[in-house]
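Here the structure is laid out as structure tokens; the discussion comes afterwards.
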Amino acid sequence: MSRKKIIAGNWKMNMTPTEAVQLVETLKPLVVNEDVDVVFCVPAIDIIPVVEACKGTNIQVGAENMYFEDKGAYTGEIAPAMLVDAGVKYVIIGHSERREYFAETDETVNKKVQKAFEYGLTPIICCGESLTQREQGITIDWIRQQIKIAFLNVSAENAAKAVIAYEPIWAIGTGKVATTEQAQEVCCAIRACIAEIYDDATAAAIRIQYGGSVSASSAPELFAQADIDGGLVGGASLKPDFGKIVNYNK
Ligand code: 13P
């Protein structure tokens with residue numbers, strides 16, 4: 001089965017609303033590739049102007065986080081209905097920076113994943129090991145645990161629509177990209193884990209991205225791997241280079 005590639009930018013905590021619109025205008029003509037779903041995941045305050053600026057283009061807009069309750073007294077949080085109403089289609093869940101700095105756990109990730117599906121949002125579910133875990137040889141066990149908890153009480157039908165981002169923590173923002181073999185090995189293990197939890201059809205449908213220092217030069221080989229269906233791109237998504245990454249196959 002052939003899966004459409006999905007290449008998403010994660011802007012992290014960068015770009016004021018004014019800068020965000022300027023960046024969209026710069027990137028718009030560069031990120032056209034009909035073989036690829038293109039997503040800009042942007043800070044919450046940038047969502048409305050970015051959705052507006054992306055109208056009539058191939059770019060879909062994603063959020064970088066959301067809360068797992070419908071609404072209420074949760075000062076500072078963003079509800080899924082707010083994202084949907086603003087025109088958001090994707091939401092990054094459980095990025096390692098949120099796990100490290102904002103106390104996200106596998107359990108909160110699972111609650112958010114379920115909530116995203118309830119509202120018709122596609123979660124981009126992040127997983128990844130630390131350098132210590134890789135050196136200890138427990139990478140695959142760790143990732144399998146993250147995946148199993150993330151997908152608790154998620155139907156096969158929804159799981160098939162999910163996006164998983166494998167982001168080794170040691171490769172994020174370090175310029176130290178995983179080798180294609182390392183990235184493919186883990187993405188393959190993730191797909192096998194999904195097949196175990198659900199079935200082969202779900203595993204064949206789900207899209208798995210690699211993230212961690214993806215650049216215009218590393219993208220073509222990474223995205224050519226059997227189990228890598230695109231990328232989640234940090235630093236390089238803020239530059240015209242993102243156009244080259246999206247057009248990795250041209
Ligand atoms: P970099 O591409 O800057 O390493 O960031 C990766 C990442 O965390 C994307 O979510």
If we keep just the residues of the stretch 64-108 that are in contact with a Phe, Trp or Tyr (Cβ under 9 Å, 6 or more places away or on another chain) and part of a helix (DSSP H, G or I), which is nearest to Ile48 (Cα to Cα)? Leu83
The condition of being touching a residue at least 12 places away in the same chain (Cβ under 8 Å), buried (at least 17 other Cβ atoms within 10 Å of the Cβ), under 14 Å from Ser96 (Cβ atoms) and within 15 Å of the ligand (Cβ to nearest atom) holds, among Ala183, Ala171, only for Ala171
Output the number of the condition that Gln225 fails; it satisfies all remaining conditions of (1) modelled with pLDDT under 95; (2) touching a Cys at 6+ places or on another chain (Cβ under 8 Å). (1)
Has the stretch 202-211 got any residue that is outside any helix (DSSP H, G or I), within 16 Å of the ligand (Cβ to nearest atom) and surrounded by fewer than 15 Cβ atoms within 10 Å (Cβ to Cβ)? no
Within the stretch 13-50, residues within 22 Å of Ala162 (Cβ to Cβ) and crowded, with 19+ Cβ neighbours inside 10 Å come out as Val36, Asp37, Val38, Val39, Phe40, Cys41, Val42, Ile47
Tell me, yes or no, whether the stretch 148-164 has at least one residue that is within 15 Å of the ligand (Cβ to nearest atom) and within 17 Å of Ile93 (Cβ to Cβ). yes
Give the residue that is nearest to the ligand (Cβ to nearest atom), with candidates limited to residues of the stretch 1-48 that are without any contact (Cβ under 8 Å) to a residue 60 or more places away in the chain and among the hydroxyl-bearing types (Ser, Thr, Tyr). Thr16
Can you name every residue in the stretch 216-241 that is part of a loop (DSSP other than H, G, I, E, B), within 14 Å of the ligand (Cβ to nearest atom) and under 14 Å from Glu167 (Cα atoms)? Gly234
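The values are calculated or read from the model by the stated rules, or taken from the named source; none is laboratory data. Bear in mind that the values here come from a model prediction, so they are computed numbers and not experimental data. Glycine gets a Cβ as well: all are built from the backbone with ideal geometry, and neighbour counts include every protein chain shown.
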